[in-house]
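Notes for the one structure printed next.
The values are calculated or read from the model by the stated rules, or taken from the named source; none is laboratory data. From a predicted model like this one, the values you see are computed outputs, not experimental measurements. Positions of Cβ are generated from backbone atoms using ideal geometry, with glycine treated the same way; all protein chains shown enter the neighbour counts.
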Amino acid sequence: MNLRPLKHAVLLAASLCVLALPAGAGSPAAKRPVVVELYTSQGCSSCLPADALLARLTKRPDVLPLSLSVTYWDMLGWKDTLASENNTRRQKAYAAAMGHGAVYTPQMIVDGTTDVVGSREAQVQAAIDARAHYGDADDVAIAVHETKDELHIGIGASPDRGAAPATVWLFHIKGAATVAIGGGENDGRTMTYHNVVGDLRAVGQWKGEQLTIDLPRSSMEGLPHDAVAVVVQRGGYGHVVGAAMVPHPDFYPEQ
């Protein structure tokens, strides 16, 4: 499904502080996972193969797959129970950054650089493999850990001092969500979606120097998730230079 060209998403405000980095965060970046974002909808029948592919990608340790349900299918008979306007705005911002005239589902965006129809598995795998083998000279290390009160994000320094600033994104992720769909193109199906993004927000700007961001756990209360991912991305919607995911099954009880 296509829409008209859309405006850039507005970054969400959040507080940050610059402190000493956790040990190891300033060392050369280890091989990071390739970030794969699937823009999908419960109301989209052509999304089913892409949803299944994303589920398989969760088994790969070299991939950080994210499922982002969008809202623009809601008008066609079923309101997606996992969709958010934040997800829709993010996809629209990619369309603007990539010079596309429209958005569509299922769309996979690999490492912020490659746009692939999400149901075309061979093309998706090729895009992932290309990024995994090539990477970036300016990839940076990310250290993420939690205490009972805070989430700590440590980002190392870039070897490229002249590189453009990057946005630090925090994703709240639900490992699996099962939905009985009661309308639209997938009426009557029961689907399980994987690595569902329940919330995303910009939590800082990284300008190539070591950075630590401390976020209180209280800021995450009420968000349905059992993992968090941190993605450092040039210009907000450009290529990814750092990524990490941390599961925390004891963070909040199942609801």
Please state which of the following conditions A177 fails to meet, knowing it meets all the rest: (1) farther than 13 Å from L68 by Cα; (2) surrounded by fewer than 19 Cβ atoms within 10 Å (Cβ to Cβ); (3) in contact with a Leu (Cβ under 7 Å, 6 or more places away or on another chain).
(1)
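For segment 196-218, how many residues are more than 19 Å from the chain's Cα centre (by Cα) and either among the polar types (S, T, N, Q) or buried (at least 18 other Cβ atoms within 10 Å of the Cβ) (or both)? Talk me through it step by step, then tell me what you get.
The first filter runs over segment 196-218 and keeps only residues more than 19 Å from the chain's Cα centre (by Cα), leaving 207-212, 214, 216-218.
Add one more test, that the residue is either among the polar types (S, T, N, Q) or buried (at least 18 other Cβ atoms within 10 Å of the Cβ) (or both), and what stays is 208, 210-212, 218.
Residues meeting the conditions: 5.
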Segment 219-255, subset polar (S, T, N, Q) and closer than 18 Å to V144 by Cβ, residue modelled with the highest pLDDT
Q233
Need pairs with beta-carbon distance below 9 Å; first residue within 30 Å of D160 (Cα to Cα) and within segment 197-225, second buried (at least 18 other Cβ atoms within 10 Å of the Cβ) and of a type in the set (K, R); sequence gap 6+ or separate chains.
L200/R90
Which condition number does S158 fail, the rest of (1) in a strand (DSSP E or B); (2) among the polar types (S, T, N, Q); (3) under 24 Å from A244 (Cβ atoms) being met?
(1)
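Considering each of A143, A127, A102, A137 in turn, give the residue that is surrounded by fewer than 22 Cβ atoms within 10 Å (Cβ to Cβ) and in a helix (DSSP H, G or I).
Working: A143 fails: in a helix (DSSP H, G or I); A102 fails: in a helix (DSSP H, G or I); A137 fails: in a helix (DSSP H, G or I).
Every option except A127 fails the conditions.
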Can you name every residue in segment 70-92 that is surrounded by fewer than 19 Cβ atoms within 10 Å (Cβ to Cβ) and either among the β-branched types (V, I, T) or in contact with a His (Cβ under 7 Å, 6 or more places away or on another chain) (or both)?
T71, T81
